[in-house]
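Asks: Got a structure here, written out as structure tokens. Questions coming.
None of the figures in this text is laboratory data; all of them are computed from the coordinates on show. Since the model is a prediction, treat every value here as computed from it, not as a measurement. With ideal geometry, Cβ positions are generated from the backbone for all residues, glycine too; neighbour counts draw on all protein chains shown.
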Amino acid sequence: MPRTSPCTAATRRGRLSKAAQFADAAATIEAFADQAEDVADAYVTLLVHAGIAAADVMCCARLGEHAAGDNHNEAAVLLGKVDRGLANDLRTLLGMKTKAGYSALAVSSEDRVRAGRASARLLEAARLV
């Protein structure tokens with residue numbers, strides 16, 4: 001069972017703001033890079049954080065709580081109670097987190113595309129909820 005924290009309206013607004021900030025920063029990095037490969041890991045890492053924050057927004061809106069543990073997979077489990085497809089998008093992003101942020105290996109161009117699509121779906125859903 002995931003550890004959770006109750007949400008307030010301020011929590012929801014704050015997490016939505018962070019989701020947008022991370023997504024905007026990712027878009028800026030990608031737009032100003034000479035080559036997308038040069039910033040792929042930073043780009044994907046920001047999209048992962050945007051997706052996590054967006055998931056919190058949706059859980060707050062629909063369940064009145066969001067995941068609070070250090071294990072982000074718990075956020076995907078909780079989001080699955082709201083929308084299984086979006087939970088899969090979050091899992092996609094979380095699957096790239098270690099490679100993008102902590103590994104010596106670079107994410108692939110396919111990973112960049114998948115991360116962009118998954119994050120965009122999560123953020124759009126968070127904005128609409």
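Asks: Just to confirm the number: angle between the C-alpha axis of helix 40-63 and the first principal axis of the chain, 0 to 90 degrees, nearest 10?
Replies: The angle comes out at about 10 degrees.
Asks: Figure the gain on full extension for Gln21 and Thr8 (residue separation times 0.36 nm, minus the Cα-Cα span) and round it to one decimal in nm.
Replies: Extra length from Gln21 to Thr8 when fully extended: 2.7 nm.
Asks: Can you tell me how much longer the chain between Thr98 and Glu124 gets when fully stretched, taken as 0.36 nm per residue apart minus their C-alpha distance, in nm with one decimal?
Replies: Length difference between fully extended and current span is 6.9 nm.
Asks: For the modelled label position 7 Å from the Cα of Arg117 along Cα-to-Cβ, which residues of region 56-84 have backbone nitrogen atoms closer than 18 Å?
Replies: Answer for this model: 84.
Asks: Please give the charge dipole size of the chain, origin at the Cα centre, charges +1 on K and R Cβ atoms and -1 on D and E Cβ atoms. Round to the nearest 20 debye.
Replies: That gives the chain a dipole magnitude of about 620 debye.
Asks: Between Phe32 and Ser109, take the C-beta separation as r, use R0 = 25 Å, and let me know the FRET efficiency to the nearest 0.05.
Replies: Numbers: r = 18 Å, r/R0 = 0.72.
So, using R0 = 25 Å, E works out to roughly 0.90.
Asks: Please give the calculated 222 nm ellipticity per residue for the chain, where each DSSP H segment of at least 4 residues contributes -39500 (n - 2.57) and the sum is spread over every residue; nearest 500 deg cm²/dmol?
Replies: -25000 deg cm²/dmol
Asks: Compute the acute angle (0 to 90°) between the alpha-carbon long axis of helix 84-101 and the principal axis of greatest extent of the alpha-carbon atoms of the chain; round to the nearest 10°.
Replies: Roughly 50 degrees, rounded to the nearest 10.
Asks: Mind sorting Asp56, Asp24, Asp70, Asp83 by how few other Cβ atoms lie within 10 Å of their own Cβ, fewest first? If you can, show how the numbers build up before the last one.
Replies: On the way: Asp56 27, Asp24 13, Asp70 7, Asp83 18.
Ranked by crowding around the Cβ, least crowded first: Asp70, Asp24, Asp83, Asp56.
Asks: Here is a further query. Gaussian network model of the chain, Cα springs within a sub-10 Å range: biggest mean-square fluctuation belongs to which of Leu47, Leu79, Leu16?
Replies: The residue that fluctuates most here is Leu16.
Asks: Can you list residues from other chains, or at least 5 along the same chain, whose modelled amide H is less than 5 Å from the amide H of Thr4?
Replies: When sequence neighbours closer than 5 places are left aside, the close amide H contacts are Ala68.
Asks: Using amide H atoms built in the peptide plane, which far-off residues or other-chain residues are under 5 Å from Glu65 H to H?
Replies: Amide H neighbours of Glu65, under 5 Å, 5+ apart: Cys7, Cys60.
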